[in-house]
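The block underneath contains the structure these notes are about, expressed in structure tokens.
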Amino acid sequence: MSNHDTERSWLTTVLTRDIPLGQAMALEITRLDASGISLSLPLGPNINDKGTAFGGAMASAMILAGWSLPRLLLRREGIDADLVIGRCELRFLSPVDQDFQAHCDWPDPASLTLFLDQLGRRGRGRLDLAPRVTCADKIVASLEARYAALARGRLPDAENA
């Protein structure tokens, strides 16, 4: 099993077992690579009374897509930290009447370095990300989010992460 497969398996467990909402939403990681992450979500478990995707489901999908990248970075670095979303601004651009995807791109390397440096020096770091939801290759919702990490220590077997 490659390192990417191992990370994908680990993150799938986190998103669907450790965070039960992910399982209820039936989300699936369809891409996890050097560019970022994509989650696929079926309309069925995320539908509202109008027959379109529930805004809360789209918001949750974007938050989870964005949260996944710093969570993965912390694991790679062997850092035990609480990770939360500190602030966000949502924009819903059009209704979604079919399966949809949530995407988040890795930020530039300087932002990742600053995040890890803040965490190492002060025990807390911030990372701004811009997840989005697409449907039929069209952006239908966007999120500007700041994720915050509060260090607890080193992971017990960080060298095997």
_the stretch 3-160, dipole about Cα centre (Lys/Arg Cβ +1, Asp/Glu Cβ -1), debye to the nearest 20_ = 480
*Ranked highest first by the average count of other Cβ atoms within 10 Å around their residues, in what order do 118-130, 65-77 fall?*
65-77, 118-130
*Pick out the long, greasy-scoring helices in the chain: whole DSSP H runs spanning 18 Å or more along their own axis by Cα, mean Kyte-Doolittle at least -0.5.*
55-77, 109-122
*Computed from these coordinates, which is Cα extents along the principal axes in Å: [x] 151, 41, 29; [y] 48, 34, 24; [z] 78, 35, 24?*
[y]
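A short reminder: the numbers here are calculations on the coordinates, not readings from a lab. Bear in mind that the values here come from a model prediction, so they are computed numbers and not experimental data. Cβ: placed from backbone, ideal geometry, glycine included. Neighbour counts: every protein chain shown.
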